[in-house]
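Worksheet for the structure shown next.
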Amino acid sequence: RSKHEEIELVSLEEFYKEAPPEISRPAITLSEPHQQTLARLDWELEQRKRLAEKYRECLTSKEKILKEIEVKKEYLSSLQPRLNSIMQ
């Protein structure tokens, strides 16, 4: 048994529909199950790399938004004393 058998790969239909031809190589992989498995693993790796990059971008965006929220909270908390001094 191999470790790749534990990975849940996309269905064959989805693989041939979504994977680019340079990865899916239908002329070769449709007749050779081993090459088909290798191509599906390559596609899985490409998808995971793309998703990992998107995840990193989202985390960066989240951190930026959290910093903006903190700045706005500080501004709002300092606003009350200023309003009080204006009122007096």
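The values are calculated or read from the model by the stated rules, or taken from the named source; none is laboratory data. Values in this document were obtained by computation on a predicted structure and should not be read as measured data. Here the Cβ positions follow ideal geometry from the backbone for every residue, glycine too, while neighbour counts run over all protein chains shown. What goes into the accessible areas is simple: the full protein's heavy atoms, side chains included, and nothing from ligands, DNA or RNA. Shrake-Rupley method; radii C 1.70, N 1.55, O 1.52, S 1.80 Å.
Within segment 24-38, restricting attention to residues that are among the hydroxyl-bearing types (Ser, Thr, Tyr) and in a helix (DSSP H, G or I), the residue that is most open to solvent (accessible area, probe 1.4 Å) is Thr37.
When Leu41, Leu76, Leu66 are checked against the criterion of being surrounded by 12 or more Cβ atoms within 10 Å (Cβ to Cβ) and either of a type in the set (A, V, I, L, M, F, W, C) or part of a loop (DSSP other than H, G, I, E, B) (or both), a single residue qualifies: Leu41.
Do the conditions hold for Arg50, that is, is it assigned to a helix (DSSP H, G or I) and either open to solvent by less than 90 Å² (accessible area, probe 1.4 Å) or of a type in the set (Gly, Ala, Ser) (or both)? So Arg50 does not fit the description; no. Report yes if some residue within segment 1-13 is at pLDDT below 95, surrounded by 10 or more Cβ atoms within 10 Å (Cβ to Cβ), within 25 Å of the chain's Cα centre (by Cα) and in a helix (DSSP H, G or I); otherwise report no. Within segment 1-13 (the criterion being at pLDDT below 95, surrounded by 10 or more Cβ atoms within 10 Å (Cβ to Cβ), within 25 Å of the chain's Cα centre (by Cα) and in a helix (DSSP H, G or I)), the answer is yes, since at least one residue qualifies. Of everything in segment 14-23 that is part of a helix (DSSP H, G or I) and in contact with a helix residue (DSSP H, G or I) (Cβ under 6 Å, 6 or more places away or on another chain), the residue that is least open to solvent (accessible area, probe 1.4 Å) is Phe15.
For segment 1-23, enumerate the residues that are in contact with a Leu (Cβ under 9 Å, 6 or more places away or on another chain) and touching a residue at least 12 places away in the same chain (Cβ under 8 Å). Those that are in contact with a Leu (Cβ under 9 Å, 6 or more places away or on another chain) and touching a residue at least 12 places away in the same chain (Cβ under 8 Å): His4, Ile7, Leu9, Phe15.
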